[in-house]
There are 2 protein chains.
Amino acid sequence: MNDKNYFLKKASENMPELHFRKLVPDIKSFSAESGDSIILDLGEHAVGHFSFSFDRLDEFVDAPVRLIIKFGEDMREINDDFSSYKGGLSSTWLQEEIIHLDFPGTVSMPRRYSCRYIRITVDIARRPIKLFDFSFNASTSADVLSLKKSETDDDWLRKIDMVSTVTLKECMQTFFEDGPKRDRRLWIGDLRLEALTNYYTFNNLQIVRRCLYLFAAGDTGSLGFLPSFIYETPYFFSGRAYLADYALLYVVSVCDYYEHTGDKDTVDDLLEICKTQLDNFEKLLDENMIVTPQDGWFSFIDWCPGLKSLTALQGVYLYTLEHFINLLKMLDDSDSEKYSGLLVKVREASVKHLYDEENQIFASSLDEGQTSVHSQVWMILGGVIGGEEGKKLLLSSLERKDAKQPCTPYMRHYVAEAMMKLGMKKEATEYLKKLWGGMIELGADTFWEAYVPEDPDFSPYDDRMINSLCHAWSCTPSYFIRKYNL
Amino acid sequence: MNDKNYFLKKASENMPELHFRKLVPDIKSFSAESGDSIILDLGEHAVGHFSFSFDRLDEFVDAPVRLIIKFGEDMREINDDFSSYKGGLSSTWLQEEIIHLDFPGTVSMPRRYSCRYIRITVDIARRPIKLFDFSFNASTSADVLSLKKSETDDDWLRKIDMVSTVTLKECMQTFFEDGPKRDRRLWIGDLRLEALTNYYTFNNLQIVRRCLYLFAAGDTGSLGFLPSFIYETPYFFSGRAYLADYALLYVVSVCDYYEHTGDKDTVDDLLEICKTQLDNFEKLLDENMIVTPQDGWFSFIDWCPGLKSLTALQGVYLYTLEHFINLLKMLDDSDSEKYSGLLVKVREASVKHLYDEENQIFASSLDEGQTSVHSQVWMILGGVIGGEEGKKLLLSSLERKDAKQPCTPYMRHYVAEAMMKLGMKKEATEYLKKLWGGMIELGADTFWEAYVPEDPDFSPYDDRMINSLCHAWSCTPSYFIRKYNL
């Protein structure tokens with residue numbers, strides 16, 4: 001068994017190179033007095049560092065000048081009043097600084113920001129000043145020049161594909177970041193979707209390997225699952241959440257990687273860990289082969305308020321088993337038979353115990369009678385139901401007012417994946433156009449962490465201001481558009 | 001006649017070397033949560049840059065941490081509530097920053113501060129944090145190792161001498177700064193006193209030459225006087241005030257420099273300018289040879305509220321003439337006769353028109369009957385009155401309740417100089433002990449810009465918080481103690 005140091009060494013060997021590009025905003029210089037403000041537009045979303053020069057306009061500027069500099073991923077953020085923030089996450093993620101400048105000079109702001117717009121307010125200046133040479137040094141590990149255009153004929157899909165690739169590009173730094181504004185760590189659920197889209201776009205294999213190894217180096221929780229997230233900047237730190245669905249999706253990520261690359265060496269390094277995740281999950285099944293609830297924050301599935309997620313989790317387990325069996329077969333690993341036997345049994349158990357024949361829907365007793373799109377989607381992806389029956393189930397749940405609906409592009413990815421699995425290419429295309437295109441209609445340059453069409457202020461953190469507007473898990477339309485030639 | 005470029009080139013050639021010294025505060029590390037704060041003590045006053053490192057205490061610190069960092073020249077400043085500031089100068093001089101840190105890391109704060117104490121408040125931190133490796137990189141162009149100890153036997157004078165030399169040292173950077181906290185420019189009045197004390201302490205001749213040349217490069221005002229102040233960081237900029245007394249004291253500074261160094265080359269470069277200052281001043285005399293008032297901020301003399309300063313200014317003119325005549329004689333410059341003739345005439349006129357025989361005091365009609373210590377001091381220094389008569393005049397004015405009293409160590413220097421001129425060594429010594437020692441009794445590590453024993457909140461700017469507590473013009477006790485062997 002490989003040890004933590006080995007995995008960290010491999011992660012380090014696979015550090016992707018960052019590409020830097022200097023963006024110059026629309027406005028070249030700004031002459032101002034106390035109280036004046038200006039909004040710079042970089043013309044596109046960017047992740048990086050801001051610098052500018054400052055000098056007197058006429059008389060020497062003796063006293064220091066106080067500026068308030070605000071970075072917004074969109075204009076709504078620029079116009080937000082951060083002082084009214086009431087959300088659950090730290091307000092320090094809101095991108096605003098108060099700085100004093102001793103004139104004249106050049107300031108290179110030390111922190112990294114994620115933004116398209118920059119508002120500079122001259123809070124206190126005793127003399128007129130001039131700000132100029134605005135520059136934003138943007139970084140990404142995505143090789144933009146290597147990106148082929150999508151071949152779709154559909155203008156709207158082409159636009160959606162473009163915004164997807166920009167979203168992914170922005171989240172590709174020295175690892176797959178979740179959200180460069182606020183969630184500068186690597187979560188397994190996001191990794192899986194970013195890696196998948198990356199294979200069809202920038203195809204940076206280094207960053208995928210790096211991320212897989214980083215998780216392999218993590219400290220497992222009490223149930224033996226990998227950490228659901230890790231930090232890597234500036235040092236490695238293993239997160240303290242152990243979501244069961246994320247542990248499983250790590251296994252799927254390894255399967256995806258092998259399917260795409262055939263890189264046996266890397267998969268050999270990680271195979272034991274994958275088996276361990278599945279074996280530890282198996283221990284959580286009851287005598288009916290149905291997953292049992294656990295204490296604490298145990299599964300994610302979606303940021304849907306009040307969602308009961310055990311049926312969906314059962315589906316993730318089946319989905320993972322199926323992927324893993326395929327991998328083992330490709331590797332000629334004899335354990336494939338063991339997992340195949342398990343898959344059959346768990347599938348049968350899932351139909352028997354989780355399907356409500358009378359109402360023709362999955363509404364697990366474990367999930368206390370709650371109806372959700374999530375349960376149907378994951379039962380479909382887990383191979384418990386399919387064909388016309390599956391289609392009907394999915395479409396009806398998406399329309400049922402009493403069913404919990406997906407709140408994030410993350411969960412909606414799996415809705416679209418389920419549609420593709422059921423051969424519903426047309427419906428999947430419409431779904432992408434509606435649920436991702438809807439963000440573009442609202443002015444998105446990159447896809448958001450959370451989007452509920454009927455509730456533009458939806459936030460998983462009780463305040464929209466803190467939402468990430470460029471979020472890794474929302475980049476998958478490019479995967480569908482390119483893989484399925486939509 | 002030399003031109004501006006020549007003077008700037010000479011100023012540049014005389015750039016003094018900065019010496020750096022790393023100060024480590026009393027406290028080595030600080031573990032904290034939101035709301036905690038700490039006060040670091042550098043053990044001495046310092047001018048320079050602050051840096052520290054920060055890391056997690058246990059869990060990774062995900063969200064940025066907001067710190068408020070305040071720098072105080074003394075503890076009173078640390079405890080001041082800057083939000084209640086009401087003064088006339090820009091509040092941005094108050095040394096306080098709000099910074100966001102992405103953990104972990106090291107921050108080297110980009111601005112220069114003047115302080116002994118540093119208060120760090122952890123404003124927002126979602127997780128416990130650790131701050132450590134506090135370091136303050138202090139700078140000065142004074143060569144501290146070259147400083148000889150004063151030879152006085154008097155403990156109190158030795159202490160005053162020490163604080164004086166520290167004050168001067170702190171103000172010696174790439175030029176003579178007025179006050180490193182807030183007045184980062186060079187004023188002629190301060191230059192004269194700093195240079196004088198420097199000759200008896202660090203004896204850095206480069207910095208004196210640099211400052212003399214910087215003023216020589218300045219743009220003169222409508223009356224032909226040199227600018228009263230200049231900026232030199234990061235580029236030369238000629239100030240827009242043209243105080244008559246400061247223009248004269250520039251001439252005195254050149255005289256002092258020659259007397260101390262015998263450096264004929266430098267004085268030759270500056271002699272024309274000195275003559276011009278005196279000749280332009282002469283044009284302001286009326287038919288009685290008494291200076292006439294001019295529009296705007298025309299003379300300084302002291303930060304004494306409501307002070308009428310024409311009599312004092314007349315004294316500065318006489319004082320300057322006397323110094324300049326001595327210089328010309330040493331240089332064998334035949335113009336000395338012209339100025340000598342003028343000196344005699346102006347002195348006679350001053351007695352005649354400014355001395356109030358009946359009240360035995362200088363109370364110029366031009367100064368509208370106001371009685372001030374300032375008028376007496378400058379008439380004594382101008383040689384208009386002396387001996388026992390002068391002593392009586394000085395002592396009585398210092399005790400008169402209806403007489404304007406000096407508010408600054410700057411003006412008090414000239415009080416002490418007048419005492420020395422009158423042979424009042426004992427009184428001068430007591431005066432230094434009272435008026436500078438008083439600051440030490442209040443905890444001063446360096447001498448202040450303004451000090452009024454009976455009004456600890458006195459400020460020339462309507463708010464004590466903005467006062468400079470390390471001010472160049474207050475460093476002169478060392479000059480007296482060392483020159484006169486007190």
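Observations, loosely collected:
- Of the residues in the range B:106-113, at least one is touching a Ser or Thr at 6+ places or on another chain (Cβ under 7 Å), closer than 21 Å to A:VAL107 by Cβ and either among the hydrophobic types (A, V, I, L, M, F, W, C) or more than 14 Å from every other protein chain (Cβ to nearest Cβ) (or both).
- Where A:TYR461 falls short, out of the listed (1) assigned to a loop (DSSP other than H, G, I, E, B); (2) over 16 Å from A:ASP190 (Cα atoms); (3) in contact with an Asp or Glu (Cβ under 6 Å, 6 or more places away or on another chain): (3)
- Residue match in the range A:444-460 (condition: more than 30 Å from A:MET289 (Cβ to Cβ), at pLDDT below 95 and among the β-branched types (Val, Ile, Thr)): yes
- Qualifying residues in the range A:439-486 (those that are of a type in the set (Gly, Ala, Ser) and surrounded by fewer than 21 Cβ atoms within 10 Å (Cβ to Cβ)) - the one nearest to A:LYS401 (Cα to Cα): A:SER459
- Taking residues in the range A:181-204 that are within 14 Å of chain B (Cβ to nearest Cβ), and partners anywhere that are part of a helix (DSSP H, G or I), the pairs with Cβ atoms closer than 8 Å and at least 6 places apart or on different chains are A:LYS181/A:TRP93; A:ARG182/A:TRP93; A:ARG182/A:ILE466; A:LEU186/A:CYS211; A:LEU186/A:LEU214; A:LEU186/A:PHE215; A:TRP187/A:TYR246.
- Of the residues making up the range B:43-77, those that are away from every other protein chain (no Cβ under 14 Å) and either over 26 Å from B:ASP102 (Cα atoms) or open to solvent by 40 Å² or more (accessible area, probe 1.4 Å) (or both) are B:GLY43, B:GLU44, B:HIS45, B:ALA46, B:GLU73, B:ASP74, B:MET75, B:ARG76, B:GLU77.
- Scanning the range A:208-222 for residues that are open to solvent by 10 Å² or more (accessible area, probe 1.4 Å) and part of a loop (DSSP other than H, G, I, E, B) turns up A:GLY218, A:ASP219, A:THR220, A:GLY221, A:SER222.
- Condition check for B:TYR242: at pLDDT 95 or above, touching a Ser or Thr at 6+ places or on another chain (Cβ under 8 Å) and among the aromatic types (Phe, Trp, Tyr): yes
- Taken over the range B:22-40, the residue count meeting the criterion of being surrounded by 13 or more Cβ atoms within 10 Å (Cβ to Cβ) and of a type in the set (D, E, K, R) is 1.
- The range B:420-438, residues that are open to solvent by less than 20 Å² (accessible area, probe 1.4 Å), in a helix (DSSP H, G or I) and under 13 Å from B:THR476 (Cβ atoms): B:ALA428, B:LEU432, B:LEU435
- Residues that are touching a strand residue (DSSP E or B) at 6+ places or on another chain (Cβ under 9 Å) and open to solvent by 10 Å² or more (accessible area, probe 1.4 Å), drawn from the range A:184-205: A:ARG184, A:ARG185, A:TRP187, A:PHE202, A:ASN204
- Residue within the range A:124-132 that is surrounded by 20 or more Cβ atoms within 10 Å (Cβ to Cβ) and within 26 Å of the chain's Cα centre (by Cα) present: no
- Taking the listed residues B:ASP190, B:ASP161, B:ASP183, the one that is within 20 Å of the chain's Cα centre (by Cα) and modelled with pLDDT under 95 is B:ASP183, with no other qualifying.
- Test: residue in the range A:135-147 that is free of Cβ contacts under 8 Å to residues at least 24 places away in the same chain and within 21 Å of A:ALA472 (Cα to Cα): yes
- For the range A:253-266, the tally of residues that are touching a residue at least 40 places away in the same chain (Cβ under 8 Å) and over 16 Å from A:LEU214 (Cβ atoms) stands at 8.
- Verdict on B:ILE124 being in contact (Cβ under 8 Å) with a residue 40 or more places away in the chain and away from every other protein chain (no Cβ under 14 Å): no
- Extreme residue, surrounded by the most Cβ atoms within 10 Å (Cβ to Cβ), among residues of the range B:326-358 that are assigned to a loop (DSSP other than H, G, I, E, B) and over 30 Å from the mean Cα position of the chain (by Cα): B:ASP333
- Filtering B:ASP81, B:ASP143, B:ASP74 for residues that are of a type outside the set (Ser, Thr, Tyr) and under 30 Å from B:ASN485 (Cβ atoms) leaves a single hit, B:ASP143.
- B:GLU17 open to solvent by 70 Å² or more (accessible area, probe 1.4 Å), more than 23 Å from the chain's Cα centre (by Cα), away from chain A (no Cβ under 14 Å) and within 20 Å of B:MET172 (Cβ to Cβ): no
- Condition check for B:PHE225 on (1) more than 26 Å from B:TYR479 (Cα to Cα); (2) surrounded by fewer than 21 Cβ atoms within 10 Å (Cβ to Cβ); (3) of a type outside the set (Lys, Arg): one failure, at (2).
- Some residue of the range A:374-391 being assigned to a loop (DSSP other than H, G, I, E, B) and in contact with a Gly (Cβ under 6 Å, 6 or more places away or on another chain): yes
- If you go through the range A:167-180 and pick out every residue that is among the hydrophobic types (A, V, I, L, M, F, W, C) and either within 14 Å of chain B (Cβ to nearest Cβ) or farther than 22 Å from A:TYR257 by Cα (or both), you end up with 0.
- Answer from A:TYR451, A:TYR414 - the residue that is in a loop (DSSP other than H, G, I, E, B) and of a type in the set (Phe, Trp, Tyr): A:TYR451
- Matching residues, the range A:82-98, being within 8 Å of chain B (Cβ to nearest Cβ) and over 22 Å from the mean Cα position of the chain (by Cα): A:GLU97, A:ILE98
- Taken over the range A:79-106, the residue count meeting the criterion of being surrounded by fewer than 17 Cβ atoms within 10 Å (Cβ to Cβ) and without any contact (Cβ under 8 Å) to a residue 60 or more places away in the chain is 7.
- Pair list, Cβ < 6 Å and 6+ apart or interchain, from the range B:212-240 residues that are within 12 Å of another protein chain (Cβ to nearest Cβ) to residues that are basic (Lys, Arg) and open to solvent by 20 Å² or more (accessible area, probe 1.4 Å): B:PHE229/B:ARG185; B:TYR231/B:ARG185
- Scan of the range A:241-283 for residues that are surrounded by 15 or more Cβ atoms within 10 Å (Cβ to Cβ), more than 14 Å from every other protein chain (Cβ to nearest Cβ) and not in a helix (DSSP H, G or I), ordered by number: A:TYR242, A:LEU243
The values are calculated or read from the model by the stated rules, or taken from the named source; none is laboratory data. Only a predicted model underlies this, so the values are computations on that prediction, with no experimental measurement involved. Neighbour counts are summed over all protein chains in view; Cβ atoms, including those assigned to glycine, are modelled from backbone coordinates with ideal geometry. To get the accessible areas, we keep the full protein, side chains included, count just its heavy atoms, and leave off ligands, DNA and RNA. Shrake-Rupley method; radii C 1.70, N 1.55, O 1.52, S 1.80 Å.
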